[in-house]
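Here is the structure we will look at, set down as structure tokens.
The values are calculated or read from the model by the stated rules, or taken from the named source; none is laboratory data. The structure presented is a predicted model; accordingly, all values stated were derived computationally and were not measured. Neighbour counts run over all protein chains shown; Cβ positions are idealised from the backbone, glycine included. Side chains are part of the model used for accessible areas, which takes the heavy atoms of the whole protein and leaves out ligands, DNA and RNA. Shrake-Rupley method; radii C 1.70, N 1.55, O 1.52, S 1.80 Å.
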Amino acid sequence: MSQPSPTGRVVVALGGNAIAPPGERSTADDQQETIGRAMTSIADLIVDGWNLVLTHGNGPQVGTLMIANELAQAVVAPMPLHFLVAQTQATIGYAICNTLEHALAQRGSDLSVVPMISRVLVGAEDPGWDEPTKPIGPYLDDEAEAMRRMEATGQVWGKIGDRGWRRVVPSPDPLALLDGHTLRMLLDAGAVVVVNGGGGIPMVREDDRLRGVEAVVDKDLSGALLARKINAERLVILTDVHAVALHYDTPKQEWLGEITAEELRALQHQGHFGVGSMGPKVEAALRFVEATGQDAVIAALDDITDAVHGRTGTRVRA
Ligand code: ADP
Ligand code: MG
């Protein structure tokens with residue numbers, strides 16, 4: 001796999017599950033610690049000269065906020081999903097900013113880390129509105145409890161692999177970044193930017209206005225859009241498994257290493273990659289590689305350094 005040029009940008013997408021310790025009771029301290037651990041490797045890479053732009057998921061975090069809203073609705077007004085996505089951009093961005101600046105300072109770098117509140121355009125007619133696919137919040141083991149919640153609240157819950165049941169919400173396709181100009185200014189000023197967190201705040205255009213909507217955009221698909229917009233030379237998607245697998249979680253499981261976009265497209269059509277989990281990562285990697293001819297990597301957050309160098313995980317090339 002070829003290496004990005006010294007000034008080439010690399011988009012690093014951090015998985016919401018990988019940066020939040022599992023479980024409903026993960027505290028702010030837990031989250032800051034997990035994020036802080038990842039940021040030491042990110043700081044090493046930046047000090048080594050890698051030009052990174054960061055984005056992150058928010059599935060567990062936005063799901064937790066939804067539960068807090070639901071339980072408190074007799075006392076305070078529940079907030080719509082676009083507000084909750086903005087809240088997760090703020091808290092996760094803050095934790096990244098604080099821990100990464102510290103790690104950079106320890107390595108003698110005074111670079112600024114800037115988390116951006118950032119919006120993405122989605123279509124009012126997107127088929128994703130009719131078929132919720134984006135899993136958010138904690139897992140439930142109990143099918144009867146998932147059914148009970150669906151009946152009592154009108155929520156949609158789906159079975160996610162063998163790990164149990166999870167609430168799913170609409171996830172329309174991101175069409176455009178709405179804060180590209182601000183992003184460009186920050187990048188030109190040399191900042192380390194955290195952008196499009198939680199896939200970006202989903203907006204639809206109505207006449208001359210933008211309106212926030214009830215959805216959570218997939219951060220991997222938004223990450224692919226981001227990588228194209230800033231002419232990145234690599235898209236690195238970090239999650240909680242080592243690579244993309246064929247026959248995932250079965251005795252025939254086989255990890256994919258270096259692969260061409262054409263080969264991966266063919267495997268995608270055979271239905272190997274989970275809807276709402278590995279599916280969008282594969283689609284994001286393919287969109288980026290097919291549009292730009294550059295490389296994409298899907299790997300574990302624990303292998304961050306090797307992943308950015310293109311030495312581990314599933315490496316997709318043109
Ligand atoms: P993230 O928060 O990083 O976006 P997701 O849970 O959305 O994480 O996606 C990663 C998960 O995808 C893995 O933990 C794994 O359970 C699941 N998965 C589904 N299909 C596959 C596959 N074919 N190969 C690897 N992982 C898969
Ligand atoms: Mg995901």
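Brief remarks on what is shown
- Distance between the C-alpha centres of region 68-116 and region 262-318: 27 Å, rounded to the whole angstrom.
- Nearest-10 value in Å² for the accessible area of Val47, using the 1.4 Å probe: 70 Å²
- Listed residues Val194, Val53, Val156, most fluctuating in the chain (Gaussian network, C-alpha, under 10 Å): Val156
- Volume per residue that the Cα convex hull of region 60-170 spans, once the total is divided by residue count, Å³: 154 Å³
- For the chain: lysine pairs under 13 Å (alpha-carbon distance), excluding those fewer than 8 apart on one chain: 4
- Ratio of the Cα radius of gyration of region 201-318 to 2.2 N^0.38 Å, where N counts its residues: 1.13
- Heavy-atom accessible area per residue - the chain, 1.4 Å, Å²: 46 Å²
- Once the convex hull of all Cα atoms in the chain is built, its volume per residue stands at 137 Å³.
- Percent accessible area from carbon and sulfur atoms, the chain, protein chains only, probe 1.4 Å: 50 percent
- Protection proxy ranking of 198-205, 181-188 - average other beta-carbon atoms within 10 Å, highest first: 198-205, 181-188
- Residue-wise HN-Hα couplings along region 119-133, as the Karplus relation 6.51 cos²θ - 1.76 cosθ + 1.60 with θ = phi - 60° gives them from phi, are 10, 10, 7, 10, x, 5, 9, 4, x, x, 5, 8, 9, x, 10 Hz; Gly and Pro carry x.
- Over region 1-119, relative contact order from alpha-carbon pairs under 8 Å, at least 6 apart, %: 30 percent
- Relative intensity, log₁₀ I(q)/I(0), of region 1-65 from a Debye sum that treats every alpha carbon as a point, q = 0.16 Å⁻¹: -0.61
- Region 157-226 - percent relative contact order, Cα under 8 Å, separation 6 or more: 35 percent
- Rounded to the nearest whole Hz, the Karplus-based 3J(HN,Hα) values (6.51 cos²θ - 1.76 cosθ + 1.60, θ = phi - 60°) of region 200-212 follow the sequence x, 6, x, 10, 10, 8, 10, 6, 9, 10, 10, 10, x, with x at glycine and proline.
- Ratio Rg/Rh [Cα only; Rh per Kirkwood] for region 1-136: 1.02
- In sequence order, region 298-310 has phi-based couplings of 10, 8, 7, 4, 5, 9, 3, 5, 5, 5, 5, 6, x Hz under the Karplus curve 6.51 cos²θ - 1.76 cosθ + 1.60, θ = phi - 60°, and Gly or Pro positions carry x.
- Selected from Pro138, Pro80, Pro115 as most flexible by GNM, with the chain as the system and alpha-carbon contacts under 10 Å: Pro80
- Here the spin labels are modelled as points 7 Å beyond Cα on the Cα-Cβ line, and at Asp162 and Gln106 they lie 3.7 nm apart.
- Each principal axis of the Cα atoms in region 95-222 has its own extent, and those three values, largest first, are 54, 43, 21 angstrom.
- Gained length - Arg148 relative to Thr182, 0.36 nm times residue gap less alpha-carbon distance: 7.8 nm
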